Amino acid sequence: MAFEGFKKETLRFLEGIRDHNRKEWFEAHRADYEAHFLAPAQAFAEAIAPRLRKIDRDVVVEPRVNGSIMRINRDIRFSKDKSPYKDHLDLWFWTGDRKGWDSTGFFFRLAPDRLILGAGMHGFEATALARYRKAVLEPKRGEALARLAKALRADGYTVGEETYKKVPAGIAADHPRGALLRHGGLHAGWEGKPPASLKTAAFVDFAAEHYSAIAPLHRWLRAM
């Protein structure tokens, strides 16, 4: 199936699941889920794959649920919010020999009135956090990341995520890269209102342009 955009029916379905987040509503609109959520997500994944592999030939794209397409069902086991479904479409294109959050990749989120395109790692596991901090402390690699983060922000991208209140033990509080040392993950992204091209095949170009712009951060993490 060729990608022809995420049409108004996709946004209408997402609005519906947001306003009627119940199993009965979802089952009554399962055909819409299949036609306007799942099908265009699969088509987009197939269309963006060659563009991502121009950025990094090791990017893995699996156009299926539990592959690059995140399940619409929420994990509510430990959540106070018992809404059974997500009100957005999440896609994940990762690097490495297995799917997971312990390697960098490119992500996508489409909500009824919001779009996020990003790259990086939202949270470091212990070994990755140690490697990250070591790299930030090294003058050459650390300064390169600081310059990159500054340039991305200047171009309108967000750079996150500063999750710790203090720098690691043994590091001066006024370290020149102290803000980066307080990160518990590292990612960059664009967030805004979905563009007009969302509903057309040209949206692939829009997404690829942003992924290319933030790819240097992805590459820095790959080399970490």
- Is it the case that the range 159-173 has a residue that's under 19 Å from the mean Cα position of the chain (by Cα), under 26 Å from L117 (Cβ atoms), at pLDDT 95 or above and surrounded by 15 or more Cβ atoms within 10 Å (Cβ to Cβ)? yes
- Task: Give the range 107-118 a look and list any residue that's touching a residue at least 40 places away in the same chain (Cβ under 8 Å) and out of contact with any Leu (no Cβ under 6 Å at 6 or more places or on another chain), or say none.
- Result: F107, A111, D113, R114, L115, I116, L117, G118
- Would you confirm whether any residue within the range 162-182 is of a type in the set (S, T, Y) and either assigned to a strand (DSSP E or B) or under 30 Å from E4 (Cα atoms) (or both)? no
- Task: Examine the range 10-27 for a residue that is loosely packed, with under 14 Cβ neighbours inside 10 Å and either among the polar types (S, T, N, Q) or touching a Leu at 6+ places or on another chain (Cβ under 7 Å) (or both), and state whether such a residue exists.
- Result: no
- Task: Among what's in the range 69-86 and is closer than 18 Å to Q42 by Cα and touching a Lys or Arg at 6+ places or on another chain (Cβ under 9 Å), pick the residue that is surrounded by the most Cβ atoms within 10 Å (Cβ to Cβ).
- Result: I72
- Does the range 80-93 include one or more residues that are out of contact with any helix residue (DSSP H, G or I) (no Cβ under 6 Å at 6 or more places or on another chain), at pLDDT below 95 and of a type in the set (A, V, I, L, M, F, W, C)? no
- Identify all residues within the range 89-115 that are out of contact with any His (no Cβ under 9 Å at 6 or more places or on another chain) and open to solvent by 30 Å² or more (accessible area, probe 1.4 Å); write none if there are none. G96, D97, R98, K99, D102, D113
- Filter the range 183-214 for residues that are open to solvent by less than 40 Å² (accessible area, probe 1.4 Å) and in a loop (DSSP other than H, G, I, E, B) and give the result. P194, P195
- Message: I'm trying to understand the selection: among the residues of the range 64-96, which are in contact (Cβ under 8 Å) with a residue 60 or more places away in the chain and aromatic (F, W, Y)?
- Response: Y85
- Message: If I filter the range 135-161 down to residues being of a type in the set (G, A, S) and not in a helix (DSSP H, G or I), which single residue comes out as nearest to W220 (Cα to Cα)?
- Response: G160
- Which condition number does W25 fail, the rest of (1) under 22 Å from the mean Cα position of the chain (by Cα); (2) at pLDDT 95 or above being met? (1)
- Going through the range 215-224 in order, the residues found to be in a helix (DSSP H, G or I) and of a type outside the set (F, W, Y) are A215, P216, L217, H218, R219, L221, R222
- Out of all the residues in the range 127-145, which are exposed (fewer than 15 other Cβ atoms within 10 Å of the Cβ) and either within 21 Å of the chain's Cα centre (by Cα) or modelled with pLDDT under 95 (or both)? T127
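The values are calculated or read from the model by the stated rules, or taken from the named source; none is laboratory data. Model, not experiment: these values are computed from the prediction. We place every Cβ from the backbone using ideal geometry, glycine too, and count neighbours over all the protein chains shown. To get the accessible areas, we keep the full protein, side chains included, count just its heavy atoms, and leave off ligands, DNA and RNA. Shrake-Rupley method; radii C 1.70, N 1.55, O 1.52, S 1.80 Å.
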